[in-house]
Amino acid sequence: MVPARYEDSAGQRLTGRHRKSFQFTGGVDGVRVLDVGCSYGWFEKWALENGCSRVIAIEPDAKTLRAARTQAPGAAYLRASSLKLPLQSASVEKAVLWEVLEHLPKDSEIEALKEINRVLKNGGCLYLSTPHKTFWACALDPAWWLVSHRHYSLGELKQCVRKAGFEVAEVDFGGGAWELF
């Protein structure tokens, strides 16, 4: 039997971008973390392996959620929307939103960020990544052309997070023009 060439598994799909996300998030030892849009569970696997006291994974797609459960069975998985999180207010110390903002319904970004802010404890942190809006990033992204996959400029992103009640503490850029080609 020939193994599948592509799988949604943490072992096969872990990339430099994922490793950069782990580094950016910092330590999770003893912390409750919310992952909004968990995809196939790569962050959950890492968080549990690094001492996270509880990782709660939110994913709206049932099939993707089932796949994520196989990657990190120790996490709590909930089928839900970022616009209505089934969590108590001030219940997590950290929240992550990796490559999700651009997939939310257009003009719902601030509403989703406010909902994430609601479940964060006072002093909690949100870590997010999203495609950066540059001419070449948009021009070379087939999804941008075909399904209006959104990219955000730094100014647009800062405006969204501030309107949702967050302060921007740090910004980091990854990739670059050479990765686009």
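The values are calculated or read from the model by the stated rules, or taken from the named source; none is laboratory data. On a predicted model such as this, the values are computed, not experimentally measured, just so you know. Heads up, the Cβs are rebuilt from the backbone with ideal geometry, glycines too, and the neighbour counts pull from every protein chain shown.
Of 95, 90, which residue is closer than 25 Å to residue 46 by Cα and in a loop (DSSP other than H, G, I, E, B)?
90 is the lone residue from the list that is closer than 25 Å to residue 46 by Cα and in a loop (DSSP other than H, G, I, E, B).
Looking only at the stretch 132-146, decide whether some residue is assigned to a loop (DSSP other than H, G, I, E, B), closer than 16 Å to residue 105 by Cα and out of contact with any strand residue (DSSP E or B) (no Cβ under 7 Å at 6 or more places or on another chain).
The answer is no, given that none of the residues of the stretch 132-146 is assigned to a loop (DSSP other than H, G, I, E, B), closer than 16 Å to residue 105 by Cα and out of contact with any strand residue (DSSP E or B) (no Cβ under 7 Å at 6 or more places or on another chain).
Please work out which one of (1) at pLDDT below 90; (2) out of contact with any Leu (no Cβ under 9 Å at 6 or more places or on another chain); (3) within 25 Å of residue 26 (Cβ to Cβ); (4) surrounded by 14 or more Cβ atoms within 10 Å (Cβ to Cβ) is the condition residue 149 fails and give its number.
(3)
When only residues in the stretch 41-78 that are out of contact with any helix residue (DSSP H, G or I) (no Cβ under 6 Å at 6 or more places or on another chain), among the aliphatic types (A, V, I, L, M) and surrounded by 23 or more Cβ atoms within 10 Å (Cβ to Cβ) count, which is nearest to residue 26 (Cα to Cα)?
Top of the filtered list is 47.
Count, please, the residues in the stretch 35-57 that happen to be of a type in the set (Asp, Glu), part of a helix (DSSP H, G or I) and closer than 21 Å to residue 119 by Cβ.
Of the residues in that region, 1 qualify.
Condition test on residue 174, is it modelled with pLDDT of 95 or more, part of a loop (DSSP other than H, G, I, E, B), in contact with a helix residue (DSSP H, G or I) (Cβ under 9 Å, 6 or more places away or on another chain) and not basic (Lys, Arg)?
For residue 174, the condition - modelled with pLDDT of 95 or more, part of a loop (DSSP other than H, G, I, E, B), in contact with a helix residue (DSSP H, G or I) (Cβ under 9 Å, 6 or more places away or on another chain) and not basic (Lys, Arg) - is not met.
For the structure I just gave you, tell me whether residue 114 is modelled with pLDDT of 90 or more and closer than 12 Å to residue 83 by Cα.
Yes.
List every residue pair whose Cβ atoms lie under 6 Å apart, where the two residues are 6 or more positions apart in sequence or sit on different chains, the first residue falls within the stretch 138-156 and is over 21 Å from residue 166 (Cα atoms), and the second residue, located anywhere, is of a type in the set (Gly, Ala, Ser).
If the second residue must be of a type in the set (Gly, Ala, Ser), the pairs left are 149/143.
Of these, 109, 99, 115, which one is on the phi > 0 side of the Ramachandran plot, within 16 Å of the chain's Cα centre (by Cα) and of a type in the set (D, E, K, R)?
Numbers: 109 fails: on the phi > 0 side of the Ramachandran plot; 115 fails: on the phi > 0 side of the Ramachandran plot.
99 is the lone residue from the list that is on the phi > 0 side of the Ramachandran plot, within 16 Å of the chain's Cα centre (by Cα) and of a type in the set (D, E, K, R).
Can you tell me how many residues in the stretch 79-110 are free of Cβ contacts under 8 Å to residues at least 40 places away in the same chain and buried (at least 16 other Cβ atoms within 10 Å of the Cβ)?
The qualifying residues number 3.
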